[in-house]
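*Asks:* Here you go, one structure.
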Amino acid sequence: MDFSVVSKDVWSINAAVRVLPRFEDQKTAGLPAKVAHALDDAKKKKLFSGRKGESWVFDGVVFVGLGKAEAFKLPSLLRIMGASLPSLRKLGAASVAVDLNGLPADAVSMAASGMLDASYRFEEFKKEKAPDWLEQVFLASKEPDASSILKRALVVSDAVRMARDLDNLPPNVAFPASVSETAQKWARQHGLKCTVWDEKQLKANGCNAILAVGGGSMHGPRLVVVEYHGGGKKDPWVALVGKGITFDSGGISIKPSADMDKMKFDKSGACVVLSAMTALSGLGIRKNVVGVVALAENLPSGTAYRPSDVVTSYSGKTIEVLNTDAEGRMVLADALGVLYDKYKPAQTVELATLTGACCVALGEQFAGMFGNDDALLAHVQAASLASGDAVWRMPLDEFDDDVKSDIAEVKNVGHPKGYAGASTAAAFLKQFVSGPWVHLDIAGTSWNTSPKPYLTTGATGFGVRLVLAWLSQTSESVPVKAKK
């Protein structure tokens with residue numbers, strides 16, 4: 001699917017089908033007489049009124065509803081345009097012109113991104129691939145910055161695709177060593193520095209929390225550090241941190257068998273970080289960015305860590321293990337310890353499929369956002385609103401006492417009755433942080449369990465657009481260079 005911006009009226013573009021986003025009560029001025037008459041008739045018959053998410057097809061034109069103009073939010077175009085694909089497919093459209101005139105320049109980003117998200121299919125293990133039926137998309141926009149915005153959107157969408165491809169891989173293919181090899185390959189392709197610690201290096205450096213979680217698996221754990229040098233030599237680091245449990249059985253505190261297959265997605269945070277790092281050069285981010293991911297497979301065995309173990313983390317803090325299924329915070333404790341010791345970042349955003357409690361609280365619609373710095377939280381919230389990756393701020397400081405241990409410095413579960421599980425998990429991580437930090441619990445948003453018109457089942461890539469929007473908003477950027 002190729003995209004291009006055309007600075008014309010949509011009716012002047014040579015395309016098989018046209019897509020017209022429409023607000024409720026939007027006038028028909030500017031439409032061809034035949035189309036305007038049909039649209040008026042459709043409104044009278046209540047076939048199409050422009051309500052958000054509504055669609056109607058007439059004579060090679062797909063109308064999609066934007067809702068009320070005063071309530072319209074630009075990121076809603078992600079789903080609206082993604083949901084238009086089934087109608088376009090029924091029409092057999094090989095080329096499409098989308099009317100974005102009258103909308104802000106960033107509409108080209110949302111429209112292209114939504115269509116790419118909706119067209120994604122994971123077919124790594126299928127002999128017969130679905131044909132690419134939509135070849136060319138023309139985005140009609142007369143906004144002067146539309147073409148450069150589209151180029152940036154395609155860079156970001158490619159990173160989203162990479163995250164989804166990696167996250168969708170099964171655990172017999174994507175285990176700690178193979179994921180770290182992928183990180184090294186991506187680093188070579190995108191001019192990044194990549195360092196990997198295997199079991200020997202983890203042990204030599206005192207990363208005992210990662211080693212404990214990975215101790216039950218034949219696939220040893222890894223710590224991956226990726227560096228992007230986009231700023232000056234004296235500029236501080238900005239950090240991304242991701243949880244990468246390539247399969248989570250729960251360990252000795254084993255999970256129920258129902259839906260355990262979804263636990264291949266417990267590496268979503270790592271996939272987001274590794275793929276986002278590949279986009280930084282293409283976006284011209286003028287920051288020094290370091291990405292740290294902790295990779296392990298959590299399985300029960302004779303060598304697995306146990307409830308009641310006490311583990312000394314990289315930072316020296318001791319952790320009482322009360323539940324081996326609270327493993328994500330264990331590996332992140334070491335990842336954060338290494339990060340703050342080696343890089344001393346000015347700001348950190350960390351992503352993890354950390355708790356089922358966050359899914360209970362916020363469902364599949366929002367990631368939980370926790371943090372210790374109001375300014376950074378505000379920046380991440382702004383990036384969320386700009387990118388469409390929705391977050392909701394959750395309480396944190398009130399739960400510090402819940403992670404205190406009687407026999408160690410911290411314990412890896414919170415309240416004995418499980419109250420406020422997402423907040424107590426974040427409170428645990430906070431003990432290993434020494435600077436402005438935001439934790440995003442993406443457990444409810446990282447994979448889709450039922451097909452939607454705008455999103456197939458499997459990994460969603462949630463978080464990639466958010467962190468790249470955050471880095472773009474807090475960084476001077478150079479113009480994106482077109483690929484040769």
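The values are calculated or read from the model by the stated rules, or taken from the named source; none is laboratory data. What you are looking at is a predicted structure, and each value in this text was computed from that prediction instead of being measured. All Cβ positions, glycine included, derive from the backbone under ideal geometry; neighbour counts span all protein chains shown. Heads up: the accessible areas ignore ligands, DNA and RNA and are worked out on the full protein's heavy atoms, side chains in. Shrake-Rupley method; radii C 1.70, N 1.55, O 1.52, S 1.80 Å.
*Asks:* Which condition number does ALA118 fail, the rest of (1) open to solvent by 20 Å² or more (accessible area, probe 1.4 Å); (2) within 17 Å of GLU54 (Cα to Cα) being met?
*Replies:* (1)
*Asks:* In segment 128-184, what residues are buried (at least 17 other Cβ atoms within 10 Å of the Cβ), among the acidic types (Asp, Glu) and in a loop (DSSP other than H, G, I, E, B)?
*Replies:* The answer is GLU143, and nothing else.
*Asks:* Exactly one condition in (1) in contact with a Lys or Arg (Cβ under 9 Å, 6 or more places away or on another chain); (2) modelled with pLDDT under 95; (3) not hydroxyl-bearing (Ser, Thr, Tyr) is not met by LEU166; state its number.
*Replies:* It fails just one condition, (2).
*Asks:* How many residues does segment 357-374 hold that are open to solvent by less than 40 Å² (accessible area, probe 1.4 Å), part of a helix (DSSP H, G or I) and farther than 15 Å from ALA425 by Cα?
*Replies:* Total satisfying the criteria: 1.
Table: residues versus (1) more than 25 Å from SER313 (Cα to Cα); (2) in contact with a Ser or Thr (Cβ under 8 Å, 6 or more places away or on another chain); (3) free of Cβ contacts under 8 Å to residues at least 12 places away in the same chain.
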residue	(1), (2), (3)
LEU332	no, no, no
CYS359	yes, no, no
PHE370	no, yes, no
LEU377	yes, no, no
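*Asks:* Going through ALA335, ALA294 one at a time, which residue ends up being touching a Lys or Arg at 6+ places or on another chain (Cβ under 9 Å) and part of a strand (DSSP E or B)? Walk me through how you get there before you give the answer.
*Replies:* Details: ALA335 fails: part of a strand (DSSP E or B).
Exactly one of ALA335, ALA294 is touching a Lys or Arg at 6+ places or on another chain (Cβ under 9 Å) and part of a strand (DSSP E or B), namely ALA294.
*Asks:* Identify, from the list TYR340, TYR305, the residue that is modelled with pLDDT of 95 or more and within 16 Å of LEU429 (Cβ to Cβ).
*Replies:* Values: TYR305 fails: within 16 Å of LEU429 (Cβ to Cβ).
TYR340 is the lone residue from the list that is modelled with pLDDT of 95 or more and within 16 Å of LEU429 (Cβ to Cβ).
*Asks:* Could I ask something else about it? Let me spell it out: the conditions are (1) open to solvent by less than 10 Å² (accessible area, probe 1.4 Å); (2) more than 18 Å from PHE399 (Cβ to Cβ); (3) part of a helix (DSSP H, G or I), and LEU377 meets all of them except one. Which number is the exception?
*Replies:* Just one mismatch for LEU377, condition (2).
*Asks:* Here's a check for you: in segment 439-469, which residue that is β-branched (Val, Ile, Thr) and surrounded by fewer than 24 Cβ atoms within 10 Å (Cβ to Cβ) is modelled with the lowest pLDDT? Steps first, please.
*Replies:* From segment 439-469, those β-branched (Val, Ile, Thr) are 442, 445, 449, 456-457, 460, 464, 467; that's our starting set.
Pick out the ones that are also surrounded by fewer than 24 Cβ atoms within 10 Å (Cβ to Cβ) and you get 449, 456-457.
Details: THR449: 91, THR456: 94, THR457: 95.
Among those residues, the one meeting the criterion is THR449.
*Asks:* A follow-up question, please. Could you please find all residues in segment 84-97 being open to solvent by 10 Å² or more (accessible area, probe 1.4 Å), in a loop (DSSP other than H, G, I, E, B) and in contact with a Leu (Cβ under 9 Å, 6 or more places away or on another chain)?
*Replies:* Result: ALA94, single match.
*Asks:* A further question follows. Which residues, counting only those in segment 225-244, are closer than 16 Å to HIS190 by Cα, touching a helix residue (DSSP H, G or I) at 6+ places or on another chain (Cβ under 9 Å) and surrounded by fewer than 24 Cβ atoms within 10 Å (Cβ to Cβ)?
*Replies:* Listed by number, the residues that qualify are VAL225, GLU227, GLY230.
*Asks:* Could you tell me whether segment 446-461 includes any residue that is among the aliphatic types (A, V, I, L, M), free of Cβ contacts under 8 Å to residues at least 40 places away in the same chain and not in a loop (DSSP other than H, G, I, E, B)?
*Replies:* Looking only at segment 446-461, we keep the residues that are among the aliphatic types (A, V, I, L, M), and these are 455, 459.
Those left that are additionally free of Cβ contacts under 8 Å to residues at least 40 places away in the same chain: none.
No, because not a single residue in segment 446-461 is among the aliphatic types (A, V, I, L, M), free of Cβ contacts under 8 Å to residues at least 40 places away in the same chain and not in a loop (DSSP other than H, G, I, E, B).
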